[in-house]
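Working notes, structure below.
FYI, it's all coordinate maths here, none of it is from the lab. Just so you know, these numbers come straight off a predicted model, no measurement behind them. Cβ atoms come from the backbone with ideal geometry, glycine included; neighbour counts cover every protein chain shown.
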Amino acid sequence: MQKSSRSRFSLQVVGKILYLQQAVLVEYLELQMVCQVILLSTDRWAEKDVNPALFSRELMRNSSNFLDDDEVNRDPQILLMKAHAATSSVGSATVIIAVLEKTGTLKIASVGDCGLKIIRKGQVVFSIYPQEHYFDCPYQLSSEAAGQTYQDALVCSVNLLEGDTIVSGSDGLFDNIFDQEIISIISESPGVDETAKALAELARKHSVDVTFDSPYSIEARSRGFDVPWWKKLLGAKLTGGKMDDITVVVARMNTVAVPGAEGGSI
């Protein structure tokens with residue numbers, strides 16, 4: 001009898017956080033990344049003397065606790081439902097959950113303006129786009145009844161290939177850095193750790209540069225926000241990065257061989 005082996009997908013995952021009102025959970029189990037959750041708290045809770053991190057942290061803990069729940073069954077949208085229902089802290093957060101199957105399919109549920117991009121052979125082949133009520137006002141899970149629920153989540157899936165790089169993060173990343181800059185950093189970095197650090201630092205640098213024509217300023221102008229008309233006559237336009245919390249998670253897709261049952265090839 002010949003022992004066979006199976007190909008199973010794995011992800012090498014690294015996260016980088018800048019500033020404090022962010023929380024990141026990367027649950028990395030043997031052979032695969034099971035779940036990634038990124039949450040962004042809003043400043044308005046701090047104005048009400050509410051610690052904006054509490055809701056995010058509890059939501060993340062609950063996401064981790066329900067990860068292997070039979071009812072969840074590796075469905076990121078159901079995971080959102082159960083984690084949100086179990087969260088008692090006051091606050092709100094945007095969230096993205098990505099669950100990697102053994103087959104290499106990444107299942108995603110997102111509420112708000114966190115992002116996820118897949119880079120393959122130097123090109124962005126997949127992107128999650130923000131959910132907003134209006135410009136700069138994203139969907140959020142909340143302790144208030146007026147907030148969104150798991151039913152409002154953007155749900156999708158994508159098949160990953162060997163060598164794919166997954167870059168996920170808060171709007172503080174994607175509002176301040178262009179796709180081509182992400183691709184360049186990936187190509188120049190020796191590993192995911194260096195990639196995450198370089199992306200976070202470049203986003204931070206752009207966020208405080210008032211002359212940088214950022215993705216955020218370009219989008220703002222397209223929505224009708226700009227300098228006064230008389231400044232336009234002088235050739236001026238709205239520019240600058242967006243000062244915000246910045247969370248970056250980078251993962252790279254690999255295949256690994258694991259022992260299978262004795263018998264024919266699989």
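Could you tell me the distance between the Cα centroids of segment 135-174 and segment 219-243, to the nearest Å?
Comparing the Cα centres of segment 135-174 and segment 219-243, I get a distance of 28 Å.
Quick one: how many lysine pairs does segment 97-246 have with C-alpha atoms less than 23 Å apart and a gap of 8 or more or different chains? Give me the count, please.
So the count works out to 14.
Listing Trp45, Trp230 from the residue with the fewest other Cβ atoms within 10 Å to the one with the most, what is the order?
Values: Trp45 22, Trp230 8.
Fewest to most other Cβ atoms nearby, the residues stand as Trp230, Trp45.
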